[in-house]
Amino acid sequence: MRWKTAITNVNDGQEIIRGQSHDKLALEKSFTEVIFLILKGELPTEKEEKMMNTILVEMIDHGPGTASALVTRITASTNTSLYSSVAAGLLALGGSRHGGALGGAAKFFAENINTEDLPGLLVELKFKKIYIPGFGHRVLKVDNRAETLLKAAKENGFFGKYSEFAIRVKEELNKVSSKSLPLNMDGANAAILLDMGFSQKVIDGFFIIARTPGLVAHAIEEAESGDGLRRLEEKDIEYIGK
């Protein structure tokens, strides 16, 4: 069976990544630049690299209370390997309530940017109790990360039609919502990445790439804490069975 790839070629001691010498990339390019290259197939411009770096840094961590960090730390407390702890945390990503909102928001923006009746669509979705990814936050009334991302997008020339649409959705959404729903980091990132020309399929991958260093840090901190095995106290568990 033959596999075809346009990503990497390893032959006679020379490795090529997307048409570029691996050794030359290692000596001359940043990790951010090579992430851009391997995902998009071309090296970024200076402004693309700067915007990409802002996106990755904003997503690197959000505290031990997030589902992925919490799972990572609980797993690390069992005295398992770093690989297992981080893998457990990564498996907590991708749901509509954590991690998956990035791709979900990109899908919503791409599918609805040309809608003629946005207010009507939002009212219909509210009536059907359909959540729109990329808006709202359990802790933050204003997501400063989103504000920073949009500012960077404007400075680097990536505040395009999707970013404008995300702002419009936020404004219309808050007209029909009973509570404040800020544009969050996922929504801002999704819009900006679409404006940068990335496909919906690859956008979810950014959260995995960016959040992994944070999970590594949480796993190591937990393993070195000396707190032992994490588990719920019996007083915090309510039995509702027969």
- Name the shape class, rounded, prolate or oblate, that the alpha-carbon gyration tensor gives for the stretch 22-139, where a ≥ b ≥ c are the square roots of its eigenvalues, rounded holds for a/c under 1.5, and otherwise prolate holds if a/b is larger than b/c and oblate otherwise. oblate
- Surpassing 30 Å at the alpha-carbon level, of the pairs LYS24/LYS107; LYS126/LYS242; LYS40/LYS179; LYS128/LYS201, are LYS24/LYS107; LYS126/LYS242; LYS40/LYS179
- Please calculate how many Å² of accessible area the stretch 1-123 carries per residue, with a 1.4 Å probe and no DNA, RNA or ligand atoms counted. 61
- Message: Give the aspartates and glutamates whose C-alpha is closer than 19 Å to that of LYS47, dropping any in the same chain fewer than 8 places away, or say none.
- Response: GLU28, GLU33, GLU58, GLU147, GLU155, ASP195
- Rounded to whole Å and sorted largest first, list the principal axis extents of the Cα atoms in the chain. 65, 55, 40
- Item | the stretch 1-43: C-alpha gyration tensor shape, a/c 1.5 cut-off, then a/b vs b/c | oblate
- For the stretch 12-92, give the percent of accessible area contributed by carbon and sulfur heavy atoms, probe 1.4 Å, rounded to a whole number. 55
- Message: Which of rounded, prolate or oblate describes the stretch 109-242 when judged by the alpha-carbon gyration tensor and an a/c cut-off of 1.5?
- Response: oblate
- Query: How compact and how long is the stretch 142-196, expressed as Rg and Dmax of its alpha-carbon atoms in Å?
  - Reply: 10.9, 35
- Task: Could you tell me the distance between the Cα centroids of the stretch 1-42 and the stretch 177-242, to the nearest Å?
- Result: 29
- Query: Where the only charges are on Cβ atoms (+1 Lys, Arg; -1 Asp, Glu), what is the dipole of the stretch 33-108 about its Cα centre, to the nearest 20 debye?
  - Reply: 380
- Note on the structure: For LEU125, the accessible surface traced by a 1.4 Å probe with all protein chains present amounts, in square angstrom to the nearest 10, to 30
- Item | Ranking by accessible area, most exposed first, for VAL57, VAL86 with a 1.4 Å probe | VAL57, VAL86
- Query: About its Cα centre, what dipole magnitude does the chain give when the only charges are +1 on Lys and Arg Cβ and -1 on Asp and Glu Cβ, stated in debye to the nearest 20?
  - Reply: 720
- Item | Listed residue (PRO64, VAL10, ILE74) projecting farthest to the positive dipole end of the stretch 1-76, Cβ model | ILE74
- Diffusion constant of the stretch 109-150 at 37 °C, which comes from Stokes-Einstein with the Kirkwood Cα-pair radius and 0.692 mPa s, µm²/s: 267
- Message: Below 8 Å, C-alpha to C-alpha, sequence gap of six or more: please give me the relative contact order for the chain in percent.
- Response: 26
- Item | Exposure of PHE158 as accessible area (Å², to 10), given a probe of 1.4 Å and all protein chains | 30
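The values are calculated or read from the model by the stated rules, or taken from the named source; none is laboratory data. A quick note: this is a predicted structure, and the numbers were derived from the prediction, not measured. We place every Cβ from the backbone using ideal geometry, glycine too, and count neighbours over all the protein chains shown. Areas reflect the complete protein model, heavy atoms only, side chains present, ligands, DNA and RNA absent. Shrake-Rupley method; radii C 1.70, N 1.55, O 1.52, S 1.80 Å.
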